[in-house]
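Quick notes on the structure that follows.
The values are calculated or read from the model by the stated rules, or taken from the named source; none is laboratory data. Treat the numbers as computed from the prediction; the structure is a model and nothing was measured. Here the Cβ is made from the backbone with ideal geometry for all residues, glycine too, and neighbour counts use every protein chain on show.
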Amino acid sequence: MLRYRGREVTPMDVVTIRALIAGYPNASRRALSRKLCVEWGWVQDNGTPRDAVCRGLLLALHRAGHIELPPPRWSCIGAAPRHQPAKVAIDTTPLCVRLDELGELSFAQVRRTADEVLLDGMLTAHHYLGRPRPVGEHLKFLVRAGERPVACFVWTSAPRHLGPRDRHLGWSPAARRERVRLLAYNSRFLILPWVHVPHLASHLLGRMTRSLPALWEASYGHPVWFAETFVDTTRYRGTCYRAANWLRLGVTTGRGNNDQTRRANRSLKDVWGIGLHRRYRELLRSETR
């Protein structure tokens, strides 16, 4: 009947969902999705319920007329604007040294820690895209030279469809649906504007990508085997990615994830990627039998 994010939904599944809705007539859509995750044992590799994915499945079934969900209890119309992180106090003294003079560099995963506010504030103030608001699997890293912040990364789940990357990997549609979760997308990379250290960007990228598979597995119960990013060529040339051995895979269509018009509505961007395992193509092409 329906395949959603790698799960086949059968007529018996629909019967189960209808019974769940009937059994909890006062439950919200969020509460129903959580109960369904428990019913199906639908969890991520780290044991966390796939609540957001389950809500998307319920909404798809509702829109297709297979089930009748309760009315939504929250609307974004007239909602208060999202909270912006407060300005953070940070040392802005110019840092102009050679890489070997910079001292020890440390990488700290700061999502859901006190330093997340610092990282979000840095991105809001100094990255042209601001801070991201990722959902699903994502990690945030703050880079310090000694005690001083110098850079940060944000890594998120990769987009499900990306032509240049999909052609590079050469995977089947079934393998992509099943294994796209094993890719990471570098949604933000910032070196603070007063930090002027030649070759720092490629050095940080190299260290980050070498450690990312293990760090991702520690948080989510599975590694990532390929990393990708977009580079806006109206602003940058991707020099640091090339120097860190990333490959330029192609150009986006300029239509975005939710395009309905099949017409470009944003700037084209170069797609860059790098394998995080020597057999990354083989690992990503395989399908569960």
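Pairing residues of segment 7-30 that are in contact (Cβ under 8 Å) with a residue 40 or more places away in the chain with residues that are surrounded by 15 or more Cβ atoms within 10 Å (Cβ to Cβ), at Cβ distances under 6 Å and at least 6 apart in sequence or on separate chains, gives 14/66; 17/67; 18/67; 29/69.
Residue-wise test of (1) in the same structural domain as residue 219 (by TED's automatic domain parsing); (2) surrounded by 15 or more Cβ atoms within 10 Å (Cβ to Cβ); (3) in a loop (DSSP other than H, G, I, E, B).
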| site | (1), (2), (3) |
| --- | --- |
| 8 | no, no, no |
| 15 | no, no, no |
| 25 | no, no, yes |
| 36 | no, yes, no |
| 46 | no, no, yes |
| 55 | no, yes, no |
| 68 | no, no, yes |
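Just to check your reading of the model, which residue among 137, 147, 101, 178 is acidic (Asp, Glu) and either modelled with pLDDT of 95 or more or not assigned by TED's automatic domain parsing to the domain that holds residue 249 (or both)? On inspection, the qualifying residue turns out to be 101. Can we say residue 112 is of a type in the set (D, E, K, R), assigned by TED's automatic domain parsing to the domain that holds residue 270, within 23 Å of residue 45 (Cβ to Cβ) and out of contact with any helix residue (DSSP H, G or I) (no Cβ under 9 Å at 6 or more places or on another chain)? Here the answer is yes, as residue 112 does meet what is asked. Only one of the listed residues (45, 51) is under 19 Å from residue 178 (Cβ atoms) and of a type in the set (Asp, Glu). That residue is 45. All conditions but one from (1) modelled with pLDDT of 95 or more; (2) surrounded by 15 or more Cβ atoms within 10 Å (Cβ to Cβ); (3) of a type in the set (D, E, K, R) apply to residue 131; the one that does not is (1). The strands (runs of 3 or more DSSP E) located wholly in segment 127-201 that include 3 or more residues which are within 18 Å of residue 249 (Cα to Cα) occupy 183-191. Do we find that residue 79 is at pLDDT below 85 and assigned to a loop (DSSP other than H, G, I, E, B) in this structure? Criteria met by residue 79. For segment 217-254, the set of residues classified as closer than 25 Å to residue 136 by Cα, touching a Ser or Thr at 6+ places or on another chain (Cβ under 9 Å) and charged (D, E, K, R) consists of 232 only. When residues in segment 10-29 are screened for being charged (D, E, K, R) and within 20 Å of residue 52 (Cβ to Cβ), 2 of them pass. Within this structure, residue 167 fails the test of being assigned by TED's automatic domain parsing to the domain that holds residue 247 and either at pLDDT below 95 or surrounded by 15 or more Cβ atoms within 10 Å (Cβ to Cβ) (or both). Return a yes/no flag: does segment 163-175 have any residue that is in contact with a Ser or Thr (Cβ under 8 Å, 6 or more places away or on another chain) and either on the phi > 0 side of the Ramachandran plot or small (Gly, Ala, Ser) (or both). Checking segment 163-175: at least one residue is in contact with a Ser or Thr (Cβ under 8 Å, 6 or more places away or on another chain) and either on the phi > 0 side of the Ramachandran plot or small (Gly, Ala, Ser) (or both).
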